[in-house]
1. Work from the charge dipole of segment 37-177 (Cβ charges, +1 for Lys and Arg, -1 for Asp and Glu, about the Cα centre) and give the residue of Pro136, Ala50, Ser161 farthest towards its positive end.
2. Please list the equivalent ellipsoid semi-axes of segment 34-106, computed as the square roots of five times the alpha-carbon gyration tensor eigenvalues, in descending order and whole angstrom.
3. Using per-residue counts of other Cβ atoms within 10 Å, averaged over each peptide, order 116-129, 165-178 from highest down.
4. Whole angstrom only: what separates the Cα centroid of segment 29-70 from the Cα centroid of segment 134-181?
5. Translational D (Stokes-Einstein, µm²/s) of segment 130-181 at 10 °C and 1.306 mPa s when Rh comes from the Kirkwood sum over C-alpha pairs?
6. Mean separation of Cα pairs under 8 Å and 6+ residues apart, divided by the residue count of segment 37-177: what relative contact order is that in percent?
7. Mean separation of Cα pairs under 8 Å and 6+ residues apart, divided by the residue count of segment 141-181: what relative contact order is that in percent?
8. Find out how many positive minus negative residues lie around Thr180, taking Lys and Arg as positive, Asp and Glu as negative, among other residues whose Cβ is under 11 Å from that of Thr180.
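Just so you know, all these numbers are worked out from the coordinates, no wet-lab data involved. All values derive from a computational prediction rather than experimental measurement. Glycine also receives a Cβ, built like all others from the backbone with ideal geometry; neighbour counts cover every protein chain displayed.
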Amino acid sequence: MRRTILLASLTIMAACSSGQETTPGQPAPGNTPAPPPWGTNAVATSEVPAVYLTEWRKAENRATCALVAITDDGITRGAAPRAATFSGGWGVAYDLPGQRSAFGVAGTGASASESSYDEWPFKRTWSDGSSVGYGPEGGTGPNQLAYLRIAGQGCLYNVWSRLGRDHLESMIDAIRFVQTR
């Protein structure tokens with residue numbers, strides 16, 4: 001009995017010290033990563049607010065930065081999408097009554113291969129090689145920010161939420177490619 005408890009404790013300690021975040025829907029450390037949420041069929045432009053396609057079409061990086069959108073109506077309910085400025089890229093922010101830019105997603109002008117801040121307290125990887133690092137913006141919050149690198153895409157995606165970590169994680173899980181042709 002004592003040996004079983006010790007082994008279980010060591011397993012938990014190893015998982016915690018590995019630095020790999022485990023969230024619902026994610027495999028335990030050491031297991032095969034889950035497929036990415038955007039790995040399923042792309043959604044039609046008619047299924048996302050028109051501002052996504054409008055902003056993406058104006059972006060300098062559209063050839064290397066596929067259009068993605070937050071596709072869960074439960075996450076965006078009550079929010080008004082609008083253009084968000086991201087130099088060289090595109091962005092869509094969602095405003096809530098009394099709260100401008102409550103959350104959003106952007107395909108930034110920054111390259112996914114460039115080094116960037118990587119000391120995030122939470123990290124996830126997917127089976128296609130995509131990854132995300134996220135946590136409190138500026139290291140202290142309360143706003144949450146994620147740097148998302150999607151395999152095969154040349155841009156660094158930003159995902160942000162002023163509604164907390166759970167909301168940010170739900171947004172990441174609801175990101176899908178948008179058919180642009």
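1. Ala50
2. On the way: eigenvalues 75, 60, 23 Å².
The three semi-axes for segment 34-106 are 19, 17, 11 Å.
3. Values: 116-129: 14.4, 165-178: 19.6.
In descending order of packing, they fall as 165-178, 116-129.
4. Between the Cα centres of segment 29-70 and segment 134-181 lies a distance of 12 Å.
5. Working: Rh = 11.7 Å.
For these conditions, the coefficient is 136 µm²/s.
6. Details: 289 pairs, mean separation 36.9, N = 141.
For segment 37-177, the relative contact order is 26 percent.
7. Working: 42 pairs, mean separation 13.9, N = 41.
Here the relative contact order equals 34 percent.
8. Details: positive: Arg57, Arg62, Arg181; negative: none.
Spelling it out: positives minus negatives among the neighbours equals +3.
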